[in-house]
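Student: Sharing a structure, written as structure tokens. Questions coming.
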Amino acid sequence: MAAVKKVVKVLVVDDSSLVRQILSEGLDADPGIEVVGTAPNPFVARDKIVQLKPDVLTLDVEMPRMDGVEFLRRLMPQYPIPVVMVSSLTQKGKQITMDALEAGAVDFVSKPSIGMAQGLNAMMAELCAKVKIAAMANVSHWKHKQHGMLPSQRQCLSKTALAESTDKVIAIGASTGGTEAIRQVITSFPATMPGVIIVQHMPPGFTAMFAERLNHLCAMEVKEAVHGDRVRPGLVLIGEGGKHLTLSRSGGIYKVKCAPGENVCGHCPSVEVMMQSVAQAAGSNAIGVMLTGMGRDGADGMLAMRQAGARTLAQDEKTSVVFGMPKEAWTRGGAERLVALPDIGREVVGLVEEMARVP
């Protein structure tokens, strides 16, 4: 007898009654989702979470009395639950969305700005897909979570001794849950680390803000990649939303190419595209890291990197929000080993030092 597929129970939180109705009807139209309740504000939501025990919350970013971010900061340490934010495309909306991802949200969708009818259908399709992914997310690590490192602690890390290397490239791929994972990894890198290129699944307009936030936290410089940027020690380049990021080599110099293209493994930018280019351009001079994310994007690319002589790591299941991309990289032989998120930065630094000792 076939197993009955679990229906995802959702609580919709939004201060607008019209939006609550639209989201509820759109989510309920998916046979794999059941909206068990709605709430006009975080105070009502808190009680309904306890009463209804939803699998996933959809949460408006901007609400009166208490915005979605403040609610998350209070909720997650006490009652960790997967949350998908519903964000506006305004500058303020983007900023609050980034705050929400740092506070524990699994993912977000953007409200349509033009072509309301068509845009709404696309948004609801995206929301349904992300709600189902969020239902599989592991957010238990937010329970009793402590604050991150103090600036003084980060400063100590930035002084870590590491021989400067001009011919190494570190390629990092991530998706669902990746913004927090990337932050944890690259804030542990010293300023002298070889150049880093990153693809995080994120729409246009958000990657620049993500890079800007990381730049304030890291010893390395962090920026959104621009076509022709040189990959050099001390610099982290984040692939722009809507453009594939690839690596090329000219003599001893690595540069990135950034260009729009068709989705690969369902995404643009794609981790697969980036890692295949790293395998070809950098070979054994590269280190690949696969972080949390849904799907298989980058799995074959990481295998190509390893076959070309690169060193490779993937995040372990316990610390992954979604153990999809790391699992695929591991099972296909692309990742040498699985590593817990808090240890990945140190492991990468160790690999760089090890590679530097090889004549």
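The values are calculated or read from the model by the stated rules, or taken from the named source; none is laboratory data. Being a predicted model, the structure only gives us computed values, none of them experimental. Here the Cβ positions follow ideal geometry from the backbone for every residue, glycine too, while neighbour counts run over all protein chains shown.
Student: Could you list, in sequence order, the residues of region 14-38 that are outside any helix (DSSP H, G or I) and at pLDDT 95 or above? Spell out the reasoning first.
Tutor: As a first pass, look at region 14-38 and keep what is outside any helix (DSSP H, G or I): 14-16, 29-38.
Once the filter is applied, which keeps residues that are outside any helix (DSSP H, G or I) and at pLDDT 95 or above, region 14-38 yields A29, D30, P31, G32, I33, E34, V35, V36, G37, T38.
Student: Could you tell me which of the residues R332, R346 is surrounded by fewer than 21 Cβ atoms within 10 Å (Cβ to Cβ) and under 23 Å from P269 (Cα atoms)?
Tutor: Result of the check over R332, R346: R332.
Student: Regarding G283, is this residue free of Cβ contacts under 8 Å to residues at least 40 places away in the same chain and closer than 22 Å to G333 by Cβ? Lay out the reasoning, then the answer.
Tutor: On the way: free of Cβ contacts under 8 Å to residues at least 40 places away in the same chain: yes; closer than 22 Å to G333 by Cβ: yes.
In short, yes.
Student: Something else about it: Are any residues in region 259-286 under 24 Å from M193 (Cβ atoms), of a type in the set (A, V, I, L, M, F, W, C) and out of contact with any Asp or Glu (no Cβ under 6 Å at 6 or more places or on another chain), and if so, which ones?
Tutor: V273, M274, M275, V278, A279, A281, A282, A286, listed by residue number.
Student: Can you confirm whether G295 is in contact (Cβ under 8 Å) with a residue 24 or more places away in the chain, closer than 21 Å to I182 by Cα and either β-branched (V, I, T) or in the same structural domain as F206 (by TED's automatic domain parsing) (or both)? Working first, answer last.
Tutor: Working: in contact (Cβ under 8 Å) with a residue 24 or more places away in the chain: yes; closer than 21 Å to I182 by Cα: yes; either β-branched (V, I, T) or in the same structural domain as F206 (by TED's automatic domain parsing) (or both): yes.
So G295 fits the description; yes.
Student: Right, another one. Can you tell me how many residues within region 72-111 are under 13 Å from P203 (Cα atoms) and either assigned to a loop (DSSP other than H, G, I, E, B) or at pLDDT below 90 (or both)?
Tutor: Of the residues in that region, 7 qualify.
Student: Further question: Being touching a residue at least 60 places away in the same chain (Cβ under 8 Å) and buried (at least 20 other Cβ atoms within 10 Å of the Cβ) is the filter here; which residues of region 16-41 pass it?
Tutor: Residues satisfying the conditions are L23, L27, I33.
A quick yes/no check of all residues on (1) farther than 20 Å from M98 by Cβ; (2) in contact with a helix residue (DSSP H, G or I) (Cβ under 9 Å, 6 or more places away or on another chain):
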residue: H216; (1), (2): no, no
residue: A219; (1), (2): yes, yes
residue: V222; (1), (2): no, yes
residue: V231; (1), (2): yes, no
residue: G234; (1), (2): yes, no
residue: G239; (1), (2): no, yes
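Student: If you don't mind, another one. Determine if region 267-275 includes at least one residue that is in a loop (DSSP other than H, G, I, E, B) and without any contact (Cβ under 8 Å) to a residue 60 or more places away in the chain.
Tutor: Narrowing region 267-275 to residues in a loop (DSSP other than H, G, I, E, B): 268-270.
Subsequent filtering for residues that are without any contact (Cβ under 8 Å) to a residue 60 or more places away in the chain retains 268.
Within region 267-275, one or more residues are in a loop (DSSP other than H, G, I, E, B) and without any contact (Cβ under 8 Å) to a residue 60 or more places away in the chain.
Student: Which is among the hydroxyl-bearing types (S, T, Y) and buried (at least 20 other Cβ atoms within 10 Å of the Cβ), of T97, T90?
Tutor: T97
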